[in-house]
Amino acid sequence: MNINIHPQLIQGGMGIAVSNWKLAKVVSEKGYLGVVSGTAINTVLVRRLQDGDPGGHTRRAMLAFPSQEIVQNILKQYYIENGKDPQQSYKRSPLFNLKSSTQLLQLTMVASFVEVFLAKENHSGRVGINLLEKVVLPNLACLYGALLADVDYVIMGAGIPREIPGALDLLSENKEASLKVPVVGSSSEDNYVTLFDPKEVLGEVYFKPLKRPYFFPIVSSSVLAANLKKKSTGRVDGFIVESSLAGGHNAPPRGPMKLNDLGEPIYGDRDTVDLAEMKALELPFWMAGYYATSEKIKEVQSQGAHGIQVGTLFAFSEESGFDSKLKEKVITKIIQGERPENGWVFTDPVSSPTGFPFKAVRLDDTVSEESVYLQRMRICDLGYLRHAYKTPEGKVSQRCPAEPIEDFVKKGGDIVETKGRKCLCNALMADIGMAQKQSDQSFEKPLITAGDDLNNLFRILNQKARQNHIDPKEIKSYSAVDVISYLGF
């Protein structure tokens, strides 16, 4: 395999819509791999439309979608000219089920198409999409929409995406694909799957052959990488090797969960990836999680890595989807040297309903602070991180440990699972300036996630200040191009 066809720098796919099309487009135009997030992309689309589609970008991309009948139905349902009243709640997208409605699958397919189309518009660079294995129910519709927009790469973490390569093979041929759905309480005789049939969802349109994109799973060990290479349902083209210092969801430590004095998971030697073993798999791999310096890039490349994936430094750039006020607040605190006593980033072992450790930036007015979160009305109205379970009647339903406790327990959940859980779905929507106004008249609070590379933000700001011959404290923002320049690419 000629690994030089792949870029050495991958911009991380950060959800929800932090890695938006604007960020991915800039990185891709510079010759590297720009990546959009597909997580909750249907909700992102409907809220953009309800905000009036500033700049008209969403509607322009929708005009390129193969079925304008589907597009017009979506616009009729969600688009508000000049945007809704900021004090009004957003109209919600329906929740996903094992068999979701055709309308919801169409909405998700179009939303994914729009994000990839805009990222690839008017240039020849390469664009990928990032999805979470744990959020299984939307994934087939997301993948097919991305394929319709000619996506170049698919990257997936938060689980073991063994079935995705085979699904890509089928979807690229416009054939029905399926994914197994884990169901708590199911037996070996049960076989729960979610299906996506392009001809049923897209309707009577011309089906041309689609490009099968490269597939890179995100792994935390060489053992998992070897397993995926050998046992996946189709071709695996490379790996993103992510350490526990990366932002967002982290793989749990191997062995029993132990916490340090700050309440964070303790990672040991067993959690360190052997790069010699990764190299022996003879597939390209990229290191992710606190590798964003030119020195570390050279070090890992000397050990066989093709390059690195960078998320956190791009997350706070001008082009990212983070709300501009949140970005400016973090940048100002860093440039002023206001580092919290216990560091910027806290790895919370219980906050995510997925059960995976989740990193949060310490800011006193976000749900990363427990006192702020406890004031929040518990509600599960987006539902991406719900768990499927088998009811006593033999049916499949869903529950979330971050929903109202009495509801979770009524559905057969263990009350212990609710302790410390946070509604990441609503918090991450608030991160991008799309906070929902709930029935108690409160707006959802943000929860910023970042990796340990947040500590390197000061170096980028200093470099920009030197280049512009100004005091670093005058720097309020930086661009994705500044990140690429800092990394030495």
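Just a few scattered comments:
- F408 being surrounded by 20 or more Cβ atoms within 10 Å (Cβ to Cβ) and in a helix (DSSP H, G or I): yes
- Some residue of segment 293-301 being of a type outside the set (F, W, Y), in contact (Cβ under 8 Å) with a residue 60 or more places away in the chain, surrounded by 20 or more Cβ atoms within 10 Å (Cβ to Cβ) and assigned to a helix (DSSP H, G or I): yes
- Hits in segment 385-405 - residues which are part of a loop (DSSP other than H, G, I, E, B), closer than 25 Å to L374 by Cβ and of a type in the set (D, E, K, R): R386, E403
- Enumeration of residues in segment 440-455 that are buried (at least 20 other Cβ atoms within 10 Å of the Cβ) and either small (G, A, S) or farther than 16 Å from L363 by Cα (or both): A450, G451, D453
- Among the residues examined, A435 qualifies as crowded, with 16+ Cβ neighbours inside 10 Å, of a type outside the set (D, E) and over 27 Å from V193 (Cβ atoms).
- For segment 452-489, the set of residues classified as assigned to a loop (DSSP other than H, G, I, E, B) and more than 24 Å from the chain's Cα centre (by Cα) consists of H469, I470, D471, I475, K476, G488, F489, listed by residue number.
- Take the conditions (1) among the small types (G, A, S); (2) outside any helix (DSSP H, G or I); (3) crowded, with 24+ Cβ neighbours inside 10 Å; G52 misses just one of them, which is (3).
- Flag if T332 is surrounded by fewer than 15 Cβ atoms within 10 Å (Cβ to Cβ), modelled with pLDDT of 85 or more and either within 26 Å of the chain's Cα centre (by Cα) or basic (K, R) (or both): yes
Let's see how each residue does on (1) of a type in the set (S, T, N, Q); (2) in contact with a helix residue (DSSP H, G or I) (Cβ under 6 Å, 6 or more places away or on another chain):
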{"residue": "N191", "(1), (2)": "yes, no"}
{"residue": "F196", "(1), (2)": "no, yes"}
{"residue": "V201", "(1), (2)": "no, yes"}
{"residue": "P209", "(1), (2)": "no, no"}
{"residue": "P213", "(1), (2)": "no, no"}
{"residue": "S222", "(1), (2)": "yes, yes"}
{"residue": "A226", "(1), (2)": "no, no"}
{"residue": "K229", "(1), (2)": "no, no"}
{"residue": "G234", "(1), (2)": "no, yes"}
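- Flag if L447 is in contact with a Pro (Cβ under 9 Å, 6 or more places away or on another chain), among the aliphatic types (A, V, I, L, M) and on the phi < 0 side of the Ramachandran plot: no
- Considering only residues in segment 86-104 that are hydrophobic (A, V, I, L, M, F, W, C) and more than 19 Å from the chain's Cα centre (by Cα), the one that is surrounded by the fewest Cβ atoms within 10 Å (Cβ to Cβ) turns out to be L98.
The values are calculated or read from the model by the stated rules, or taken from the named source; none is laboratory data. The shown structure was predicted, so the numbers you read here are calculated from the model rather than taken from an experiment. All Cβ positions, glycine included, derive from the backbone under ideal geometry; neighbour counts span all protein chains shown.
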